[in-house]
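Enquirer: The following block contains the structure, expressed as structure tokens.
What follows is calculated from the coordinates using simple rules that are stated; it is not laboratory data. Just so we're clear, the structure is a prediction, and the values are computed from it rather than from any experiment. Cβ atoms come from the backbone with ideal geometry, glycine included; neighbour counts cover every protein chain shown.
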Amino acid sequence: MLPYMFKYISANWTTLSTSDHGPYWQSLRKGVQGFAMNPSSISSQTLSQEKEAIAMTQKIQEQAAVNGGIVHPIDNIRHNTIRVVGRLCFGPDFNNETFVVGIDPFIYDIINIAALARFADAFPFTRYIPGLRGPFRKVAEIRDGIVSLVEPEITRYQSSKSPCTTCYLHFLLSNGYTMETIIFILFEMFVLSVDSTSTATTWALAFLIRNSEIQHKLFKEVSGGDEKRERVTVDQVSKMPYLQAVVSEVFRMKPIAPLAIPHKTVNDTTLTGLKIDKGTAVIINIYAVLRDPKVWDEPERFMPERFLNENALSDRMAMERSFIPFGAGRRICVGMDLGKLQVGLTLANLINSFEWLAADGDGPDMTDDFTIILRMKEPLVARIKARTNLGASLF
Ligand code: HEM
């Protein structure tokens, strides 16, 4: 079960990830797959995604220039995902920086207070203790803030002379969902995409700073060897096996949602002989599956090569079955392809543009901060050096 507090930001459990399995969930899931996550909707924004990846490297370079080479890249990465998901939700003409900058802290705060929310669930009486009502008040404030940002975007869409008919909002408005439900279904898309993709990208950079040979090997691939690319495109990303292996290894070592989203049994069932009643909450320990020593050789070691198909077929099949950073089954992450693409494209451009080094000492702190997302305990701070392959046009 999700924390009780989430009731306030899920229009009373009517969003995709918070609704129970059944016809309501099924029709929403079909809607998101057919509209926001439709491969043609995603590929239609390739150009904008590539331009934004380049603009992001420029902003990071500017930060480095005034900070003696030191950067905190996470905010730039988060904002890029908000822009991508904004276009899939509201249409390709979505271009509202006030929305991008305004929604980001709400997403951040909601995930932060999830830990407190679990505490309030364990001890429900805390909801009524005046001194402990703070988190509930905060959720109410965030809720109002979300409405004040998302509602005007919906109004803008409704008053447009040629509203987009392939975006998620078109599906939601055409299918009779209430305004409150639409607002929180849209907000959920940002909550589930922004932290997951930006955190995975910063974990990747942290691993690459700590493993300079792997970073060098990746740079050779993304820069195209002698070709000296100025930028990496969406099309190139899917043809880079080492990049894909690095991204998979990051997802394995730091699964962003280590306990997935809580599930519930829809029938009475048994699991390895244990009887489980219908309606029982089931938490899946993705983290443990991804570090199972029976499947993964040296599971604590960052080793992208394990994904390069050089192992025996039986080992590869065991790894494939156990590789579940996006969950599995009917509730598998609906944004999996977009998530992989966004992390791959961002990482490829960041490695192509800069050499990533430790800001001080041995390198980034790899300690986890687990709320419902596996964030870095200390957000990434790094030193960058612009690569010499960059043309003057870039900076
Ligand atoms: C690195 C990227 C991502 C990771 C690692 C990730 C991981 C996950 C996981 C583990 C789940 C729970 C699956 C389960 O309970 O079995 C999930 C669900 C979900 N994710 Fe993602 N996710 C990512 C990116 C995205 C993106 C980009 C979006 C949308 C734009 C998204 C939207 C969703 C939604 C809507 C669900 C709920 C699906 C349902 O209940 O039917 N995710 N994700």
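Enquirer: Between exposed GluC sites (Glu not before Pro) in the chain, where DSSP calls loop and at most 12 other Cβ atoms lie within 10 Å, what's the longest gap?
Expert: Segment 1-299 is the longest.
Enquirer: Could you compute the net charge surrounding THR14? Neighbours are other residues with a C-beta less than 12 Å from the C-beta of THR14; K and R count +1, D and E count -1.
Expert: Here the charged neighbours net out to -2.
Enquirer: Another question, if that's okay. Which pairs break 18 Å Cα to Cα here: LYS7/LYS138; LYS340/LYS385; LYS30/LYS161; LYS220/LYS385?
Expert: In this structure, LYS340/LYS385; LYS30/LYS161 exceed 18 Å between Cα atoms.
Enquirer: Could you give each residue of region 320-326 its phi-based ³J(HN,Hα) in whole Hz, using Karplus coefficients 6.51, -1.76, 1.60 with θ = phi - 60°, and x for Gly or Pro?
Expert: Residue by residue, region 320-326 yields 4, 5, 8, 7, 10, x, 9 Hz.
Enquirer: In whole angstrom, note down how far apart the Cα centers of region 209-223 and region 264-332 are.
Expert: That distance is 28 Å.
Enquirer: If Lys and Arg each add +1 and Asp and Glu each add -1, what is the summed charge of the other residues whose beta carbon sits under 11 Å from the beta carbon of LYS264?
Expert: 0
Enquirer: Follow-up question, since we're still on this one. Does region 144-257 classify as rounded, prolate or oblate by the C-alpha gyration tensor (a ≥ b ≥ c root eigenvalues; a/c under 1.5 gives rounded; else a/b over b/c gives prolate, otherwise oblate)?
Expert: Cα axes put region 144-257 in the prolate bin.
Enquirer: Once you sort the root eigenvalues of the Cα gyration tensor of region 239-395 as a ≥ b ≥ c, which label holds: rounded (a/c under 1.5), prolate (a/b larger than b/c) or oblate (the other case)?
Expert: Cα axes put region 239-395 in the prolate bin.
Enquirer: Next question. Give me, ordered by chain and number, the residues 5 or more places off SER19 or on other chains with an amide H under 5 Å from its own placed amide H.
Expert: Those lying under 5 Å, H to H, from SER19: there are none.
Enquirer: If you plug each phi of region 215-222 into the Karplus form 6.51 cos²θ - 1.76 cosθ + 1.60 with θ = phi - 60°, what whole-Hz ³J(HN,Hα) values come out, in order, with x for Gly and Pro?
Expert: For region 215-222, the Karplus curve yields 4, 5, 5, 5, 4, 4, 6, 5 Hz.
Enquirer: How many nm separate the modelled label positions at VAL266 and GLN33, each set 7 Å beyond the Cα in the direction of the Cβ?
Expert: Between VAL266 and GLN33, the label points sit 1.2 nm apart.
Enquirer: Just need the Rg to Rh number for region 4-386, please, alpha carbons only, Kirkwood Rh.
Expert: Reported Rg/Rh, Kirkwood definition of Rh: 0.96.
Enquirer: Tell me what the chain gives for mean residue ellipticity at 222 nm when only DSSP H runs of n ≥ 4 count, each as -39,500 (n - 2.57), the sum divided by the residue total, rounded to 500 deg cm²/dmol.
Expert: Using -39500 (n - 2.57) per qualifying helix, the result is -17000 deg cm²/dmol.
Enquirer: On to the next question. Past 32 Å, Cα to Cα, is the threshold; run LYS217/LYS254; LYS264/LYS377; LYS51/LYS294 against it and keep the listed order.
Expert: Where the Cα-Cα span goes over 32 Å, the pairs concerned are LYS51/LYS294.
Enquirer: Mind listing the long-range amide H neighbours of ILE276? Cut-off is under 5 Å, sequence gap 5 or more, other chains count too, H placed in the peptide plane at 1.01 Å from N.
Expert: Amide H neighbours of ILE276, under 5 Å, 5+ apart: THR269, THR270, LEU271.
Enquirer: Could you tell me which of PHE184, GLY279, ASN349 has its Cα farthest along the dipole of the chain towards the positive end, charges placed at Cβ (Lys, Arg +1; Asp, Glu -1), taken about the Cα centre?
Expert: Going by the Cα projections, it comes out as GLY279.
Enquirer: Amide H to amide H, which residues 5 or more places from ALA36 or on other chains are under 5 Å from it, using H placed in the peptide plane?
Expert: Long-range HN contacts for ALA36: TYR168.
Enquirer: Using a basic spin-label model with each label point 7 Å from the Cα along Cα→Cβ, how many nm lie between SER148 and MET179?
Expert: Placing both labels 7 Å beyond Cα along the Cβ direction yields 1.6 nm.
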